[in-house]
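Scroll down for the structure; my scribbles are underneath it.
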Amino acid sequence: MTFFEVLTSAINDFIKHGFDSKKRVDDWLKKLKDAANRAMMPESQMQREMEKALNQAFTRLVQRGGIKSVSAFDVSRLKPKLRAELDRRIMASADLIKLNRNKNIEEVLQRFQGWATSIPKGGSKAVDKVKEKQNIRKSIAKMPFEQRRVIIDQTHKLIDNINNIVAVDNGAIAGEWHSHWKQPNYHYREEHKERADKVYLIRNNWASEKGLIKPINGYTDEITRPGEEVYCRCNYVYLYNLRQLPEDMLTQKGKAELQSSKIK
């Protein structure tokens, strides 16, 4: 039987008998849990799709020159560290897949249990079966969408971490926050919209140590990273030299340094 068929039978049973025993509830909870597991993509398949997406992103960025801000040689030099980040993300995704799957199934069972125990002993004819089925199966119905979102989110986190590792190792001095808040149907965070186009310094960078720049908006380690929060699609554009920074971020020494480099 499909999950929908099991749920229909469970609702019909409680409409007829009502909440007359804990055993009746427990029996249907077990049947619904088994049916929900069958209805979902197997964990092994979900993990394969996650690994495929992460490996494709890694190949595009690291092995096919997807990072344009630094040379291919500089990226290649960091391959062991970047490969370790890929492996770490793959391992983390396995736990995340299991947690999300269990959470969705638990939501279904909680909705059903809450509804079933509200039906009086002897049943009820006042139940809107269609409405109740739609409400209880919400978590299962949205699961394919949630699974795609998890893959996209984990891939974005990998991309952000790879870009961060490459940028810091190659002397980036700041990151300019890019937000997708203008994108239709994107549920952006208001604080991320406020960060859009602001430049945040990377702490202990070479230009700061020389006293050439100052943190007008603060440092990258004082706020959440792009992609750190769930389903965030923001990103940094990393900046490597003084001429890329807003003028008000340069100290007098920094302005003199920039002017001197222009003359040369």
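No value in this document is a laboratory result; all are computed from the given coordinates. Just so it is clear, the model here is predicted, and its values are computed rather than measured. Heads up, the Cβs are rebuilt from the backbone with ideal geometry, glycines too, and the neighbour counts pull from every protein chain shown.
Structure notes:
- Cα point-scatterer Debye curve for segment 24-134, base-10 log of I(q)/I(0) at q = 0.16, 0.17, 0.18 Å⁻¹: -0.83, -0.88, -0.94
- Against the rule of thumb 2.2 N^0.38 Å, how large the Cα Rg of the chain comes out: 1.43
- Cα-based reach from LYS193 at 24 Å (exclusive), listing lysines while leaving out same-chain residues under 8 positions away: LYS157, LYS182, LYS214
- The modelled label-to-label distance for the pair ARG148/LYS52, using points 7 Å beyond Cα in the direction of Cβ, is 1.5 nm.
- Shown here is the pair-distance distribution of segment 138-264: with all Cα-Cα distances grouped in 10 Å bins from zero up to the longest one, the shares run 12, 37, 28, 14, 6, 2, 0 percent.
- Against the chain, whose longest principal axis is taken from its Cα atoms, helix 3-17 shows a tilt of about 40°.
- Sorting LYS81, LYS131 from the fewest to the most surrounding beta carbons within 10 angstrom yields LYS131, LYS81.
- Cβ-based exposure ranking for GLU191, GLU132, GLU51, in which fewest neighbours within 10 Å come first: GLU191, GLU51, GLU132
- Note on LYS22 and ASN185: their simple-model spin labels are 4.6 nm apart, each label 7 Å out from Cα toward Cβ.
- Neighbourhood charge, 15 Å Cβ-Cβ cut-off, centred on VAL75 and excluding it, Lys, Arg +1 and Asp, Glu -1: +4
- Approximate spin-label separation LEU99-VAL237, in nm, with each point projected 7 Å along Cα-to-Cβ: 3.3
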